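Novice: After the structure tokens below, expect a handful of questions from me.
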């Protein structure tokens, strides 16, 4: 039996830091000696671009070596795994054609489980300790597919006046998915883009602490220019500047996630 844990990063609101959190948590897990597979489930390619330059990312689109091709042909994701420049971190790149994935799924038999079926051969090998999936900022058939293939959901939430908007819909959606994937659990909420000097940061944290049965991770990811510079260079922030505040915070968040999953 495989001990691989699959965690998706999801929030129906754009700008919550899903892709950045997913990429950096994966890198930090690898720094702890874990083997991680990333799956870029968003047509914007942000997770792919966290490890590869634009030309390389578009090369995956043009060559068909990407998630969209795998889902369309319902083939094992093992055939689409690409090594990143970082030891212990591999990725299944995304494609701009993912914009049409809902249409591709519409006529398929047991369409909610297609990603799960494509992922199962990889999980069965036990090669990876963790599989992390980046979701698009929507709630629909494709995100349901992602959650049906996952054990846990991490919800990044931006510490801004609009950061909590639609969060109740997100939690309701997870409850609906539990009807077909009863083992799915919300692992926790991760606060991103935090500025502790601002009142709305305090309001965001207080509101999240009041949620019933939803864990708020202790580690906050604060605003840090190193994150933007790292993105510009297509690197995780820990690889760009190990001594940066955000690199330390992502490392702590990754440890929290690993500890909670192991319980």
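Novice: Working only within region 131-154, note down all residues that are in a strand (DSSP E or B) and surrounded by fewer than 23 Cβ atoms within 10 Å (Cβ to Cβ).
Specialist: If the condition is that a residue be in a strand (DSSP E or B) and surrounded by fewer than 23 Cβ atoms within 10 Å (Cβ to Cβ), then 152 is the only one that fits.
Novice: Here's a follow-up. Please pick out the residue among 117, 108 that is surrounded by fewer than 23 Cβ atoms within 10 Å (Cβ to Cβ), on the phi < 0 side of the Ramachandran plot and part of a loop (DSSP other than H, G, I, E, B). Even if it seems obvious, please write down each step before you answer.
Specialist: Working: 117 fails: part of a loop (DSSP other than H, G, I, E, B).
On inspection, the qualifying residue turns out to be 108.
Novice: Would region 223-246 turn up any residue that is under 18 Å from residue 159 (Cα atoms), part of a loop (DSSP other than H, G, I, E, B) and touching a strand residue (DSSP E or B) at 6+ places or on another chain (Cβ under 6 Å)?
Specialist: No, region 223-246 has no match at all.
Novice: What tally of residues in region 177-204 results from selecting those that are in contact (Cβ under 8 Å) with a residue 24 or more places away in the chain, outside any strand (DSSP E or B) and either surrounded by 15 or more Cβ atoms within 10 Å (Cβ to Cβ) or over 19 Å from the mean Cα position of the chain (by Cα) (or both)? Don't jump to the end; show me each part of the working.
Specialist: Initial filter on region 177-204 (in contact (Cβ under 8 Å) with a residue 24 or more places away in the chain): 177, 180-181, 183-196, 198, 200-201, 204.
Next, only the ones that are outside any strand (DSSP E or B) stay: 177, 180-181, 183-184, 193, 195-196, 198, 200-201, 204.
The next check asks that each one be either surrounded by 15 or more Cβ atoms within 10 Å (Cβ to Cβ) or over 19 Å from the mean Cα position of the chain (by Cα) (or both); those that pass are 177, 180-181, 184, 193, 195-196, 198, 200-201, 204.
Qualifying residue count for the region: 11.
Each reported figure results from applying straightforward, stated rules to the coordinates on display, with no laboratory input. None of the values given here were measured: they were computed from a predicted structure. Note: ideal-geometry Cβ built from the backbone for every residue, glycine included; neighbour counts use all protein chains shown.
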